Amino acid sequence: MIAALVAAVVPAANAQAAPKTPRTTVLDGARLRQAKVELQHGSPEIRRTVAQLTRRADGWLNQGPWTVVDKPRPAPSGDVHDYLSQAPYWWPTQPPSAENPWGCPYVQRDGERNPEVDSGTDRQDVEKVFDSTYELTLAWYYTGRRQYAEKATQVLRTWFLDPATRMNPHLDHAQFIPCRYDGRAIGIIDFSQSYTSVVDALAILDTGAPGWTQRDRAGMRRWNTDFLTWLTTSPFGEQEAAATNNHGTFYDMLVAALAHATGDADLARRTVREAAGKRIDPQIAADGSQPQELARTRSWHYSTFTLVAYTRLAAIGRHVGVDLWAHHGPDGQSLAKAVHHLLPAATGAADWPYPELEFHRYAASDVVRAAADAGDRAAARAVPLLEPPPQGDLWPVRPAAEQLDSIAG
């Protein structure tokens, strides 16, 4: 048992070379490099964290790859390469029948997830693509074990690059509602909430992962460029850009990340800079609360969820010379105040006083860590009091906020 644990955290011989600094978009590549150096020098904290990471990565080695072409029926377009997902909070009102196979009409029950959305569409598979790629790539970076890089490469090639199995670079049929809409603009959040992790994984693979070729790199750059074009020019993209809640913030984060990764620094910089007045000022109140998210049945989840987008957007800003943490709106609105609003519940000092169907204190841990890293003293004092997520705290090896109690929608 002890030998197995040591093997899990000691990098392979080829990982002992001087680490490269990946040109990441959300993550700070220099911090990843420093963490790897600390691992090579035997840091107990980094060793423990990498052990948690590699256990997750090992779990992916015998899963997948996944593809959009194997769902039971294609998207309304008829093209099996088109991504399809179903609106999570919409439910049938009639028993399915030959004349009404979906049980239409559908009605909304906010915060209550319809289990049928997890079968018959691409939603669950794409989450596995995102999560596996990120964890496998990070595991390769820290340990040097080629099986992690090779598996991540297989997953990416199958979902994005292989002509027989690739996804078309658009979301025309995301979060459709049976018998009502063939797709909706808000379906963009299927990608905007998680795809930036894949963008960072690509940058890490580009540091020399075995099996990851120049052709792979060029193919993903083309896919990301085409996807960014769709996001910024399609009617759905324009609608999501105009959203005034978490959807708009996540949209900005995705656009800024793709722009940075594909070389459009001006678009990335402009998107982050404009988020100060376009997102923070109207969405965060003077006391740090987020009124639109507090109105939800999952108010704690969505308050932390939106701050994941903000803190990751601020991290992208760091790469393009925009300090979103320094912004203060006309009534004192700021990212730090929004984090402060969560601290009593995040540290266990007080109950969350708003509606929440399923409260998880650990959901705020990463956004508090992000604020502490940005220099906020109240957040830094709160860090020792945070509840770690059930699967372990990976912050030391991937210091960027993730949605730790993720629900799709």
Worksheet item: If the cut-off is a Cα-Cα distance under 17 Å, which lysines reach residue 71, setting aside same-chain residues fewer than 8 apart in sequence?
Response: 128
Worksheet item: Rolling a 1.4 angstrom probe over the protein heavy atoms, how many square angstrom per residue are accessible across the range 176-263?
Response: 33
Worksheet item: In straight Cα distance, which aspartates and glutamates are under 19 Å from residue 151, not counting same-chain residues fewer than 8 positions off?
Response: 58, 125, 127, 131, 135, 162, 200, 206, 216
Worksheet entry | Carbon and sulfur %, accessible surface of the range 214-354 computed with the full protein complex present, 1.4 Å | 51
Worksheet item: For the pair residue 23 and residue 287, how long in nm is the line joining their label points, each one 7 Å along Cα→Cβ?
Response: 4.7
Discussion item. How large is the Kirkwood hydrodynamic radius of the range 99-208, counting all unique pairs of alpha carbons, in Å?
Written reply: 15.9
Worksheet item: If you take the square roots of the eigenvalues of the alpha-carbon gyration tensor of the range 283-409 and sort them as a ≥ b ≥ c, do you get rounded (a/c under 1.5), prolate (a/b over b/c) or oblate?
Response: rounded
Fill in: For the chain, with +1 on Lys and Arg beta carbons and -1 on Asp and Glu, the positive-most of 93, 313, 282 along the dipole
313
Worksheet item: Quick one: longest stretch of the chain between exposed loop GluC sites (Glu not before Pro), exposed meaning at most 12 other C-beta atoms within 10 Å and loop per DSSP?
Response: 100-357
Worksheet, complete the sentence: Applying the span-like rule to the chain (DSSP H, Cα extent along axis at least 27 Å, Kyte-Doolittle mean at least 0.0) gives 299-320
Worksheet item: Can you give the extra length, in nm with one decimal, that the chain gains between residue 406 and residue 222 once fully stretched, where that is 0.36 nm per residue apart less the Cα-Cα distance?
Response: 63.3 nm
Fill in: the range 12-80 shape via C-alpha gyration tensor axes, a/c threshold 1.5
prolate
Worksheet item: Arranged from highest to lowest average of other beta-carbon atoms within 10 Å per residue, in what order do the peptides 188-195, 260-267 appear?
Response: 188-195, 260-267
Discussion item. Just to be sure I understand the model, the point goes 7 Å from the Cα along the line to the Cβ. What's the resulting residue 182 to residue 266 distance in nm?
Written reply: 3.5
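The values are calculated or read from the model by the stated rules, or taken from the named source; none is laboratory data. Every value quoted in this text rests on a predicted model; they were computed, and no experiment measured them. Cβ atoms come from the backbone with ideal geometry, glycine included; neighbour counts cover every protein chain shown. For the accessible areas, the whole protein counts, side chains as well, though only heavy atoms, and no ligand, DNA or RNA atoms are used. Shrake-Rupley method; radii C 1.70, N 1.55, O 1.52, S 1.80 Å.
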